[in-house]
1. Just to verify a result, which residue in the range 23-52, among those that are open to solvent by less than 30 Å² (accessible area, probe 1.4 Å) and part of a helix (DSSP H, G or I), is nearest to Tyr299 (Cα to Cα)?
2. State whether the residues of the range 45-56 include one that is more than 30 Å from Ser132 (Cβ to Cβ) and of a type in the set (Ser, Thr, Tyr).
3. In the set Val175, Val152, which member is farther than 28 Å from Phe297 by Cα and touching a helix residue (DSSP H, G or I) at 6+ places or on another chain (Cβ under 8 Å)?
4. Here is a check on your reading of the model: is His4 open to solvent by 70 Å² or more (accessible area, probe 1.4 Å) and either touching an Asp or Glu at 6+ places or on another chain (Cβ under 9 Å) or at pLDDT below 95 (or both)?
5. So if I check each of Phe297, Phe279, Phe271, Phe285, which one is in contact (Cβ under 8 Å) with a residue 40 or more places away in the chain and assigned to a loop (DSSP other than H, G, I, E, B)?
6. Which one is farthest from Gln320 (Cα to Cα), of the residues in the range 243-272 that are buried (at least 17 other Cβ atoms within 10 Å of the Cβ) and of a type in the set (Gly, Ala, Ser)?
7. Which ones in the range 111-123 are of a type in the set (A, V, I, L, M) and more than 14 Å from the chain's Cα centre (by Cα)?
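The values are calculated or read from the model by the stated rules, or taken from the named source; none is laboratory data. Since the model is a prediction, treat every value here as computed from it, not as a measurement. Methodologically, a virtual Cβ is constructed for each residue, glycine included, from the backbone with ideal geometry; neighbour enumeration extends over all protein chains shown. Note: areas computed on protein heavy atoms with side chains; ligands, DNA, RNA excluded. Shrake-Rupley method; radii C 1.70, N 1.55, O 1.52, S 1.80 Å.
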Amino acid sequence: MKAHIVSLGCPKNLTDTEVLMTKLQEEGYTFTDNPSQAELILVNTCAFIKPAKEESIDTILELSKWKNKGKCKYLIAAGCLPQRYKHELPEILPEVDAFIGTPRTFKSKKIQATPPWFAYVKIAEGCSNRCSYCAIPDIRGKLVNRQIKDIVNEVKILAKAGVKEIILIAQDTSVYPHLTVLLTKISNIKGIRWIRLMYLHPAHLTDKLIDCMASSKRVLPYFDLPIQHACDKILKDMRRRYKRQDLENLIAKIRRELPQAVIRTSVIVGFPGEGEAEFKELLGFVKEVKFAKLGVFTYWKEEGTPAAKMGGQVSGKIKQQRLAKIMKAQSRISLERNKKLIGKTLETIIEGPDFGRTCMDAPEIDGKVFIKNPRSLKPGRIIKVKITGARTYDLIGRAA
């Protein structure tokens, strides 16, 4: 029997998809990219914000046609959407044969849904931070940390399979206990060249972790640090548990200890109570700090969250205007930063016939480096590339 799998949302969701694929394989299924040939179609959904929910429902409805036109006997919806709306969905989506929530267990041996050279490894499930705008704790539950030995065992399996880059993920990786011990153990696994940390909550990023990253040859000096805002009033209403000065001190510490550090962040515009003054403070902070990478999201009023009941809700038009202003500023910062890289030589993992991704770039969210003399480079190889040109978000280089 054949199964067609669609995974929506973040890398954390993708690791859940890998668990589901492993279970299906154990039951005798093989996988196809062609939904018309599949007896079973499974959509692992996202329900973080309204657009993600809409995408999940649209995807399910689009694939449901294969129950009549193709070979599909079972259409399954899994993940965050069923977990959050388990009572409402059977009526809304009668086309679906089964609904599966989010798993709370971990598997060390599972099918890899990423390219062979990198893999996401989840180190914890759920979240206990309770930011006022976020529904994740209600969807995925309270924080549950994974055992170090199980994580290390999974990385060993991946390394034997040829994986060179391990990307540690969780709702908040920086709150993981003994994270520096875990990083040391993974660093000693033969074959692993890069270790990247994603989703580091600024309130939980310790000096000990920064020092560990500064002294390691395997842990990349890449900080995925979602600040969400820079105005104390908004940060308090968001329940982020830090102030602007804390962010300034943390960023200064990172740049002092690791001058080569790449700091990525995400911000939310249009949070309830964000007036012109609060937005200008955020915009000014972005221009002042000059993050290497930055993503912007508009606030979405999610039912069941404290922020949804707050006054001062911002119109959609103003949110979009503010998003555009932040991205305009960041595009200039990014181009300026990329131009400064011209002449430097960067470790790069090859991902296509004429392009790769530098150690400064995470897969799928950051830029690429286009290589002018590819020389039949094999995907998955890590080589040195001399940067010869710069675009707003991408680089141009030559294999050194």
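1. Ala52
2. No.
3. That would be Val152, the only listed residue that is farther than 28 Å from Phe297 by Cα and touching a helix residue (DSSP H, G or I) at 6+ places or on another chain (Cβ under 8 Å).
4. Values: open to solvent by 70 Å² or more (accessible area, probe 1.4 Å): no; either touching an Asp or Glu at 6+ places or on another chain (Cβ under 9 Å) or at pLDDT below 95 (or both): yes.
Judged against the criteria, His4 is not a match.
5. Matching residue, one of Phe297, Phe279, Phe271, Phe285: Phe271.
6. Ala261
7. Ile111, Ala113, listed by residue number.
Here's the yes/no breakdown for (1) under 23 Å from Ile167 (Cβ atoms); (2) open to solvent by 30 Å² or more (accessible area, probe 1.4 Å); (3) of a type in the set (D, E, K, R):
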site: Ala307; (1), (2), (3): no, no, no
site: Val314; (1), (2), (3): no, no, no
site: Lys328; (1), (2), (3): no, yes, yes
site: Thr348; (1), (2), (3): yes, no, no
site: Cys359; (1), (2), (3): yes, yes, no
site: Glu364; (1), (2), (3): yes, yes, yes
site: Val385; (1), (2), (3): yes, no, no
site: Ala400; (1), (2), (3): no, yes, no
